[in-house]
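K.L.:
My structure is below; once you've seen it, I'll send some questions.
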Amino acid sequence: MKKLLLLLPALLALSSRAEVPVAPGATIEKLCGGLKFTEGPAADSRGNVAFTDIPRNLILVWSVDGKLSTLRENSGGANGLWFDDRDRLLVCEEGNRRLTRSTPDGKVEVLADQFDGKKLNSPNDLWPDSKGGVYFTDPRYGKTDTMEMTVRGVYHVDADGKVRRVLDDLKNPNGIIGTPDGKVLYVGDNAGGVTYKYSIQPDGTLADRLEFAKGHADGFTLDEKGNLYLTHDGVDVVAPDGTSLGRIEVPEHPANVTFGGPANDELFITARTGLYRVRMAVKGAY
């Protein structure tokens, strides 16, 4: 796959307060193109960013030294990704309808593939908590004839492997991320056009639902100041109190976003056929 690096103007449709924390003079860089549909970016401990090309059934990696390579073929229709604190890759395998964890040597462990005796719909995105558990969304897009459940829910897998449904009242939950202190969980209801904010309880259940942001947001990430980045027509940035800080415009419609790079201050954006990057004035929360 030919490497492509294009420098484009940094187009920022900012709010009147103009507080999107992009680094001074930053440009939007197209790191690679020619892909089918990119999703699920996640950074490992060194800042390398893995992401998925869903139609081609691939997990790819953009390395800190600027090289694109294939991490995994036959990915099971992988969508959302996350590296845990041991650099094991957590994967929402939409096609295989399961949540897995793989070690750097390629060993794959199934964390969840059913609930209450029924097959999951199609896990989409995930966030691991600090207790060894994982929250994940389970929507359904496209064909529904093989669905065994009527609920499109949000689930939690604890460290012992127990799977619980923690939300059952969303239309089609999609993006998800929690704060590093383990107190807040953000969940996007793509079909409902709302991103919700929840308080995480000591037992892992969710309470105090708040409508945090409007719009059909897809993937999320957080920076060190607690600002939430939501992919929509661009990348919308929202402060912890719900104040809009503005938008980062992207040449293609973005699907997901994460911080990465050696200093964790580069925002990577998966957008349809390409992977983009913009340097920020803040670091990622993780």
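K.L.:
Extent of the stretch 166-209 along each principal axis, from alpha carbon coordinates, in Å, largest to smallest?
P.N.:
Cα extents, longest axis first: 29, 18, 13 Å.
K.L.:
Could you give the length gained by full extension between Glu211 and Lys118, i.e. 0.36 nm per residue of separation minus their alpha carbon distance, to one decimal place?
P.N.:
30.5 nm
K.L.:
Let me ask you something else. Treating only the Cβ atoms of Lys and Arg (+1) and Asp and Glu (-1) as charged, compute the dipole magnitude of the stretch 182-253 about its Cα centre; round to the nearest 20 debye.
P.N.:
200 debye
K.L.:
Whole percent per 5 Å bin, from 0 to the bin with the longest distance: what is P(r) over all C-alpha pairs of the stretch 148-274?
P.N.:
2, 10, 20, 22, 20, 14, 9, 3, 0
K.L.:
Moving to a separate point now. Under 10 Å, Cα contacts only: if you run a Gaussian network model on the chain, which one of Arg247, Arg272, Arg72 comes out with the highest mean-square fluctuation?
P.N.:
Arg72
K.L.:
Out of residues 5 or more away from Trp82 or on other chains, whose amide H comes under 5 Å of its own, with H placed 1.01 Å from N in the peptide plane?
P.N.:
Leu90
K.L.:
Could you give the alpha-carbon Rg of the stretch 135-176 over 2.2 N^0.38 Å, rounded to two decimals?
P.N.:
My calculation over the Cα atoms of the stretch 135-176 gives 1.20.
K.L.:
So what J values fall out for the stretch 139-149 if you push phi through Karplus, 6.51 cos²θ - 1.76 cosθ + 1.60 with θ = phi - 60°, rounded to Hz, Gly and Pro as x?
P.N.:
x, 7, 10, x, 5, 10, 5, 9, 5, 9, 10
K.L.:
Which residue, Ala112, Phe83, Thr144, has the largest displacement toward the positive end of the dipole of the stretch 38-182 when charges sit on each Cβ (Lys, Arg +1; Asp, Glu -1)?
P.N.:
Positive-end residue among those listed: Thr144.
K.L.:
Can you give the extra length, in nm with one decimal, that the chain gains between Asp181 and Asp168 once fully stretched, where that is 0.36 nm per residue apart less the Cα-Cα distance?
P.N.:
Gain in length upon complete extension: 2.2 nm.
K.L.:
Moving to a separate point now. Label the stretch 215-275 by shape, choosing from rounded, prolate and oblate, from the square roots a ≥ b ≥ c of the eigenvalues of the Cα gyration tensor; if a/c is under 1.5 it is rounded, and otherwise prolate applies when a/b is larger than b/c, oblate when it is not.
P.N.:
Because a/c hits 1.5 or more and a/b fails to exceed b/c, the stretch 215-275 counts as oblate.
K.L.:
Right, another one. Sorting check: for 101-107, 161-167, 187-193, 61-67, which peptide has the highest mean count of neighbouring beta carbons within 10 Å, and how do the rest follow? Present the calculation step by step, with values, prior to reporting the outcome.
P.N.:
Values: 101-107: 11.7, 161-167: 15.7, 187-193: 21.3, 61-67: 13.7.
In decreasing order of mean packing, 101-107, 161-167, 187-193, 61-67 become 187-193, 161-167, 61-67, 101-107.
K.L.:
What are the extents of the Cα atoms of the stretch 68-188 along their three principal axes, in Å, largest first?
P.N.:
Computed over the Cα atoms, the extents are 37, 35, 27 Å.
K.L.:
Quick check for you: which residues of the stretch 123-166 have the amide N under 16 Å from the point 7 Å beyond the Cα of Asp84 toward its beta carbon?
P.N.:
126-136, 156-164
K.L.:
If you don't mind, another one. Using a 1.4 Å probe and counting only protein heavy atoms, arrange His253, His216, His156, His232 so the residue with the most accessible area comes first.
P.N.:
The ordering from most to least exposed comes out as His216, His253, His232, His156.
K.L.:
Report the convex hull volume per residue for the chain, counting only C-alpha atoms, in Å³.
P.N.:
In the chain, the Cα convex hull volume per residue is 119 Å³.
K.L.:
Something else now. Let me make sure I get this right: for the stretch 121-194, a, b and c are the square roots of the gyration tensor eigenvalues over alpha carbons, sorted descending. Under 1.5 in a/c it's rounded, otherwise prolate if a/b > b/c, else oblate. Which is it?
P.N.:
oblate
K.L.:
Sticking with this one: Just how large is the dipole of the stretch 99-149 about the Cα centre, in debye to the nearest 20, putting +1 at every Lys and Arg Cβ and -1 at every Asp and Glu Cβ? Provide the component values of the computation, followed by the final result.
P.N.:
Details: 7 positive and 9 negative charges, 7 e Å.
Here the size comes out at about 40 debye.
K.L.:
Turning to a different aspect of this structure: Test of understanding: given the chain, find the longest segment containing no GluC sites (Glu not before Pro) that are in a DSSP loop and have at most 13 other Cβ atoms within 10 Å. Before the final figure, lay out the partial values.
P.N.:
Details: sites that count: Glu73, Glu148.
The longest such stretch corresponds to 149-286.
K.L.:
Same structure, new question: Between rounded, prolate and oblate, where does the stretch 17-70 land on the alpha carbon gyration tensor, with a ≥ b ≥ c its root eigenvalues, rounded for a/c under 1.5, else prolate if a/b exceeds b/c? List each step's numbers first, then the result.
P.N.:
Numbers: a/c = 2.12, a/b = 1.70, b/c = 1.25.
Because a/c hits 1.5 or more and a/b exceeds b/c, the stretch 17-70 counts as prolate.
K.L.:
For Glu19 and Thr146 in one chain, what is 0.36 nm times their gap in residues minus the Cα-Cα distance, to one decimal in nm?
P.N.:
Full extension of this stretch gives 41.2 nm more.
The values are calculated or read from the model by the stated rules, or taken from the named source; none is laboratory data. Everything quoted here is computed from the prediction, not taken from an experiment. As a convention, Cβ positions derive from the backbone with ideal geometry for all residues, glycine included, and neighbour counts pool all protein chains shown. Quick note on the areas: whole protein, heavy atoms, side chains included, nothing else; ligands and nucleic acids left out. Shrake-Rupley method; radii C 1.70, N 1.55, O 1.52, S 1.80 Å.
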